[in-house]
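The values are calculated or read from the model by the stated rules, or taken from the named source; none is laboratory data. Keep in mind it's a predicted model, so treat the numbers as computed, not measured. For neighbour counting, all protein chains shown are included, and Cβ atoms are generated from backbone atoms with ideal geometry for every residue, glycine included.
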Amino acid sequence: MKFKVARKTAVCTNCGFCQLICRSHENCIGCAACVDACPYEARGLEEISESEQREAVKIKVNHEKYSVPARISVLSALEFIGFTSVIYKDKEGEPGDTEIIAPCRTGGCWSCAVIINGDLKPSCVTPVEAGMEIITGKDAIEKKEPKRVVSGFQGHAVGGVGTPHWLKPRSFGFMLKFIEVACFSHGCILRCPTCQNWEITYSAAEEPLSPAEAARITSYERGRCGVDRMAISGGESTLNRRWLLEYLKELKRLNRDKKARLHVDTNAVVLTGDYIDALFLAGATDIGADVKGLELDTFIRITGIKESGLAQKLLDTEWKAIKCLVENYSDKMFVGIGIPYNEALISLDEIYKIGERIAGWSPDVQICALDYRPVFRRMDVRKPSYEDMLKVKAVLEESGLRCVICQTEFGRIGP
C-alpha cells in the first residue's frame, strides 16, 4: 500500500480553509479532503518515501482482528484488508458485503458511514486508531439513525431551479420577501470549479444531523418565515439516499397541510429511476435538476470530474434522470431543469442542442438558464452579461422550449 500525504504548494495563500475541514491536523491521513476543497488548488497529495516506516495498529472489523497501517483513514484501512470503495455505483441495488460507496470523500454526505466503537462515523475522513471496533454490515448500520451534515437553514427570496417561475421575483433588491426556506447539504460527488456553494460543499466541520433534527429545524423556519415551500439543496442533496428519504417523510409528517411543498434541488448524476419514484413517495412535490452539459468534454469541464469513465457514467445517469422527470413526473411533481451558461464552459450551439433534446420530451417544462460566474477555482472566467443571457434565452426558445427563465445580474428574465 502506497502512502500519500497532503502538502502545501507555492500558491498557498494561507486562507485557512484546509485547517477548518481537516480532522487530522497533527498526522495527515491522506484522505485528500483538503486537496479537493482548496479554492486555490494549493494543496496536493505527495507519495512519501518508501524508507519511512509506518507503524501498524490493531483493529477489529466485523469482529475479526486485523493489523493495518497507522495514520490512514478508516476507509483506507478497510481497503487495506480487502474492501472495495466506489465513488458511484452505476447499477441499481445495494452495495455488496465488502463494498463501501463513498461519493463525496470530504466527510459531508456520510454515505460511507460505518459503525465505529458503537457510533456512526464517515469512514472517508475518520482517522484509524488502535483498538477501533468497526462494523460495516448493512443491517447493523440501518439500525442506527442516519446522519449527514446540513446547514444554512434560512429564508430564501429567489428560490432554485425547481421553484415555479410565477413565484420568483423579477429583480433583486433589499426588500424581497421570502418565497421558501432552504437548507444546504454538505458533500458532493462533483468537483465543479465554479461551485457557488463551495464553503458548504467541502466543509464537514459542523455537527451532523439526523433527518428528524433537520426536519424540525426546517419546519420551524417555515413558520418563522411564513412560507409554504421547504427546499433542500447543496452540495448534493441526493448522495445519502436513506437520509434524504427519511428527511422528506418527516417533513411531510410535520407539515400535513395541503399548502406545504417539499422541494429537492439536485445535479441528478446519481438520480436513478427508482430513486425518483422513492422521492415522490416520500413526499417530494417539486424537483429541480441541473444539466451539466451534453458533450462529455463539456461535462468534464463544468464538473471537474477528470476520469472520463466516471464522467460518462454520471453524464448518462443525469440525462436518463432528466428524461424520466420530464416524461413521467411532470404531471405528479413540479419539474424544473437548470442549464448552465458561461462562454468559457459551454457554447451556444451546445445550449441549443440541450434545449432541442428537452423540447423533444416536453416543450413546456420550466427551464432555468444559470449564469455561471467567477467563483471558487474559476475566478478567471468573465461573468455573463445581461445581453449574454438574452442571447441564451433566444437560443433556447429557438430550440423549441416555451418556458425559459434566465438568471442575470439584474434579476430574472422570462415568464
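If you go through the range 76-89 and keep only what is free of Cβ contacts under 8 Å to residues at least 40 places away in the same chain, hydroxyl-bearing (Ser, Thr, Tyr) and surrounded by 15 or more Cβ atoms within 10 Å (Cβ to Cβ), you end up with just Ser85.
Checked against (1) at pLDDT 95 or above; (2) over 30 Å from Thr13 (Cβ atoms); (3) not aliphatic (A, V, I, L, M), Pro384 passes all but a single condition, namely (2). Here is the figure for the range 101-134: residues that are among the small types (Gly, Ala, Ser), buried (at least 21 other Cβ atoms within 10 Å of the Cβ) and under 22 Å from Glu64 (Cα atoms) total 2.
If you check Pro164, Pro193, Pro169, Pro146 for being surrounded by 14 or more Cβ atoms within 10 Å (Cβ to Cβ) and farther than 30 Å from Lys259 by Cα, only one passes: Pro193.
Considered as a group, the residues in the range 324-372 that are among the aromatic types (Phe, Trp, Tyr) and within 17 Å of Cys406 (Cα to Cα) include one that is surrounded by the fewest Cβ atoms within 10 Å (Cβ to Cβ), and that residue is Tyr352. Taking first residues from the range 249-274 that are more than 28 Å from Tyr220 (Cβ to Cβ) and of a type in the set (A, V, I, L, M) and partners that are surrounded by fewer than 21 Cβ atoms within 10 Å (Cβ to Cβ) and modelled with pLDDT of 95 or more, the Cβ contacts under 8 Å between residues at least 6 apart in sequence or on separate chains come to Ala268/Thr317; Val269/Thr317; Val270/Thr317; Leu271/Thr317.
Within the range 184-204, not a single residue is in contact with a strand residue (DSSP E or B) (Cβ under 7 Å, 6 or more places away or on another chain) and charged (D, E, K, R).
Taking the condition touching a residue at least 12 places away in the same chain (Cβ under 8 Å), in the same structural domain as Asp371 (by TED's automatic domain parsing) and among the acidic types (Asp, Glu), does Glu318 pass? Yes; evaluated as a whole, the condition is true for this residue.
The residue list Ala205, Ala214, Ala231 contains one member that is in contact (Cβ under 8 Å) with a residue 40 or more places away in the chain, in the same structural domain as Lys306 (by TED's automatic domain parsing), part of a helix (DSSP H, G or I) and not charged (D, E, K, R), which is Ala214.
Can you confirm whether Ile354 is under 24 Å from the mean Cα position of the chain (by Cα), over 28 Å from Glu199 (Cα atoms) and either in the same structural domain as Glu199 (by TED's automatic domain parsing) or not aliphatic (A, V, I, L, M) (or both)? Yes, satisfied. Filtering the range 47-75 down to residues that are touching a residue at least 60 places away in the same chain (Cβ under 8 Å) and outside any loop (DSSP other than H, G, I, E, B), which residue is surrounded by the fewest Cβ atoms within 10 Å (Cβ to Cβ)? For the range 47-75, the residue satisfying everything is Lys58. Taking each residue of the range 22-46 that is farther than 18 Å from Ser76 by Cβ and in the same structural domain as Pro103 (by TED's automatic domain parsing) and looking for partners that are surrounded by fewer than 19 Cβ atoms within 10 Å (Cβ to Cβ) and charged (D, E, K, R) with beta-carbon atoms closer than 6 Å, six or more apart or interchain, yields nothing. Under 15 Å from Val291 (Cα atoms), hydrophobic (A, V, I, L, M, F, W, C), assigned by TED's automatic domain parsing to the domain that holds Arg301 and touching a Pro at 6+ places or on another chain (Cβ under 6 Å): does that describe Leu370? For Leu370, the condition - under 15 Å from Val291 (Cα atoms), hydrophobic (A, V, I, L, M, F, W, C), assigned by TED's automatic domain parsing to the domain that holds Arg301 and touching a Pro at 6+ places or on another chain (Cβ under 6 Å) - is met.
Just a yes or no: is a residue in the range 162-185 assigned to a loop (DSSP other than H, G, I, E, B) and within 30 Å of Cys31 (Cα to Cα)? Checked the range 162-185: no residue is assigned to a loop (DSSP other than H, G, I, E, B) and within 30 Å of Cys31 (Cα to Cα).
Taking the listed residues Ile232, Ile217, the one that is within 25 Å of Ala102 (Cβ to Cβ) and either at pLDDT 95 or above or not aliphatic (A, V, I, L, M) (or both) is Ile232, with no other qualifying.
Among the residues of the range 3-13, the ones that are assigned to a loop (DSSP other than H, G, I, E, B), without any contact (Cβ under 8 Å) to a residue 60 or more places away in the chain and surrounded by 10 or more Cβ atoms within 10 Å (Cβ to Cβ) come to 4 in all.
When the test is whether a residue is over 16 Å from the mean Cα position of the chain (by Cα), assigned by TED's automatic domain parsing to the domain that holds Gly160 and basic (Lys, Arg), Arg222 passes it.
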